[in-house]
Structures are given as C-alpha cells and as structure tokens.
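The values are calculated or read from the model by the stated rules, or taken from the named source; none is laboratory data. All of these numbers come straight from a predicted model, not from anything done at the bench. Every residue, glycine as well, gets a Cβ built from its backbone with ideal geometry; the counts of neighbours run over all protein chains shown.
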Amino acid sequence: MALKHWLTLSITDGIGPVIARRLIERAGSVEAACEADANLLRTVEGVGATKSNSIARSLAESRAKADDVIAKALAKPGMGLICPDDETFPHLLRSAIDAPLALFYRGTFEPRDLNAIAIVGSRKCSIYGREQAERFARLLAGAGFTVISGGARGVDSAAHKGAIEGKHGRTIAVLGSGLDVPYPPENIGLFEQIAESGCLISEFPLGTPPKAENFPRRNRIVSGMSRGVLVIEADERSGALITARQAIEDHQRPVMCLPGRCDNPQSAGPHKLIREGATLVTRLEHILEALGPLDASLPEMPTYERPNEAELFEQLPPAPKPVSTLSPTQTSIRDALTRDPADVDTLVERSGLEAHVVTRELTFLQLKGLVKRVDGQKFVRAV
C-alpha cells in the first residue's frame, strides 16, 4: 500500500520532503526507502554518518505506527489521506521538490483547484486590508479560481470568507496543525464552512499542535498549490513574505501585491516586494495579466462570465443597522470613531469625556457589534 509507505516517511524524524525523495531515488522505490537501514541512509545526500543511525531508528518506529496513524485519520467522518501517487493529489504541488509526502484532508479536491490563487497577508491587518482580501477573493472565485490561504487570523480569514461569499465560491485552507486541532480556535465555524464547499488540508497527523515551526512548512504548500500569490498587507517580518519568497524562488510562481498607505507598517512588505519586481495590482484584470496564458497541462478555466465588482457587492447581505437605543454618551463615542483606528486618548479628545467613561462604553459598543478593536488598543466604527 503506497499510502502507508509515503506516510511512514512523512512521520519519520529527520526525513523531510527533499531527503525523502533522495532516499527513494537511492533505494529504488518508496517501499524500499521505508526499509532503509543506517548503511543506505549514510549514502543519501544531507544525511551522512552523523544522522543515519538516529534516522534509521526513527524510521523503524514510524513503520510500526503508520497503520495506526492512518486508521485514526480515516475513522474521522469526512476525513481522507492522500499521497503523491494518488490521482487527486494537487497537480502543481506534486511537481514541487518540497512537496509534502502525505496530505490529510476534509472536503474535496476539484479540477478547478489546478487554477488557484493564494491570498496571504498580516494577521493584524487593517480594515482596508480585510476589505481588500474579501474583495479580491470574491472576484477570483467569481472568475472560476480557487482561493487558497493559511486559515490564520486577519487577511487569511478574510480571503476564505470572501471566496465562500462569492459566486461559484470555493476556497482551500492549509493548516499548520492537525485537522483535529483547528487553529486559531475562533475559526472553527469558518473551517466547517470551508470543509463543506472546499477543502481543509494539512501535512501534519491528527493531534499535532500549532507549533511555530509548522507555519513555514504550511506556507510552502500554500505557494506550491497556487498559480500565483497575492500579498495584501504584511510587515517586513511577516510569514506572508516567506510564502512570497517560496513562490518566487522554489516554485517559480508570480507574486502580486496590493499597495497600501505609506505610513502603515503593514504596507512595508508589499511595497518592498513591488520594488523588487512583484506586480502591483488593484483590479482583477491585473492578476489575470500577471498570470499570463494558462499552462497547456492545466484544464481550461470554467466558462464563467467575468465578474462585475458592483454586482458582486450587491449580492452581499446588507450591513447591520446601528442600534437606535444608545445613550447620548455612547452615541458621542460612536460618532467620534471613523474607519481609521483611534486609541482611547484620541477618543477622549474628540468626545470630551473622561477616559474611564470612554473605556467603559467602548466595551458596550463592542458587544453590540458597533465598534471593533483593531491594532491592539485601537478602535474603529463597525457600522
């Protein structure tokens, strides 16, 4: 069973995707690679004498527990497990040198996923970043693309939501934890929606916690499955830039960036990428131009009509109306807020109220959904 052998290599400490493929080539097959001893491992580039004994021991342990890992995954309703030998394994990802050796998934893979665009960006995005992530995701979904992102807070979540809300919407979330350990936890409802109409995937076995080192590995899958990467807001240390670098250097995919305000630190990453040659985009047409003609090996795009931005936004549910039963104090604070984030001191100055009064009433307004907290200790008007 090829799946068991691929999974065995996947869960072996010291064997990553690159070394695994070198070992398979040296051993002659994935089955033979799973039986490798220290002598054979010693001849694999990147292993050598120092690591060969420990990897051999780990490989033996993985062989013993592979069946149990598979059984636990397949026992979960709606969950599946695929390896590169499966026909449904993502086509673009299969050809990447760092492709995962096994993928756990909930949902379905579809032919249109071969024409996917990644949308990535900051977890601490501004309202502008969130709005644009949703906007581009709706437009891309309406044009027949699958939207891929990492399921994180901020831009990722907005992109998934926008794709789901869009006409013909479909999205894939790549997690940095086991599928039974959804992260962030507040996205559990969103992940359920994604699994129903798209797909949740992870290369990590069930029970894997969301460790920091998992997320760069997740990012390469986001990049590897996509025909291009759109970056919306990211500071210069953001994981979104890791995804962009992987797209350019490892997967030879085009990178596109949405420009932002010059005084917003979250614009620094996209602006840096644009200076280095990434495509500046403000409309769907810019993305289509950056992608160029479809590769002949990929299926034709669905024959959907080109989406009209105005029509797409007309389809969205109306924004909730402000509550009319606000006290004069609450109304004063709400009126002092705009779409640009403001801290408590700013609101004190604008409203003329005491700081403790502003703080107290902000809590009430947040509970009513009229105010949102952003950028740590700043607030914006929600409706």
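Filtering the stretch 235-246 down to residues that are of a type in the set (Gly, Ala, Ser) and modelled with pLDDT under 90, which residue is nearest to Val18 (Cα to Cα)? Filtering first and then ranking leaves Gly239. Here the strands (runs of 3 or more DSSP E) wholly within the stretch 37-142 that include at least 3 residues being touching a Gly at 6+ places or on another chain (Cβ under 7 Å) are 103-107, 116-121. Just a yes or no: is a residue in the stretch 32-41 of a type in the set (Asp, Glu) and more than 30 Å from Gly169 (Cα to Cα)? Yes: one or more hits.
Within the stretch 182-204, track down each residue that is within 19 Å of Pro100 (Cα to Cα), in a loop (DSSP other than H, G, I, E, B) and of a type outside the set (Asp, Glu). Please lay out each step first, then the result.
Restricting attention to the stretch 182-204, the residues satisfying the condition of being within 19 Å of Pro100 (Cα to Cα) are 199-204.
Adding the requirement that they be in a loop (DSSP other than H, G, I, E, B) leaves 203-204.
Hit for the stretch 182-204 is Phe204, nothing else.
Under the condition of being of a type in the set (D, E, K, R) and within 34 Å of the chain's Cα centre (by Cα), the residues counted in the stretch 27-54 number 3.
Residue count for the stretch 329-373 under the criterion of being surrounded by 17 or more Cβ atoms within 10 Å (Cβ to Cβ) and part of a strand (DSSP E or B): the result is 3. Within the stretch 107-115, not a single residue is without any contact (Cβ under 8 Å) to a residue 12 or more places away in the chain and closer than 24 Å to Asn214 by Cβ. Check off (1) closer than 27 Å to Thr243 by Cβ; (2) β-branched (Val, Ile, Thr); (3) in contact with a Lys or Arg (Cβ under 7 Å, 6 or more places away or on another chain) for Thr88 and give me the number that stays unchecked. Looking at each condition in turn, Thr88 falls short on (3).
State the number of residues belonging to the stretch 143-179 that are part of a loop (DSSP other than H, G, I, E, B), closer than 17 Å to Pro111 by Cα and either at pLDDT 95 or above or aliphatic (A, V, I, L, M) (or both). Walk me through it before giving the result.
Filtering the stretch 143-179 down to residues part of a loop (DSSP other than H, G, I, E, B) leaves 143-145, 150-154, 166-170, 175-179.
When the remaining residues are screened for being closer than 17 Å to Pro111 by Cα, the result is 143-145, 168-170.
Now narrow it down to the ones that are either at pLDDT 95 or above or aliphatic (A, V, I, L, M) (or both): 143.
Going through the stretch 143-179 one residue at a time, the tally reaches 1.
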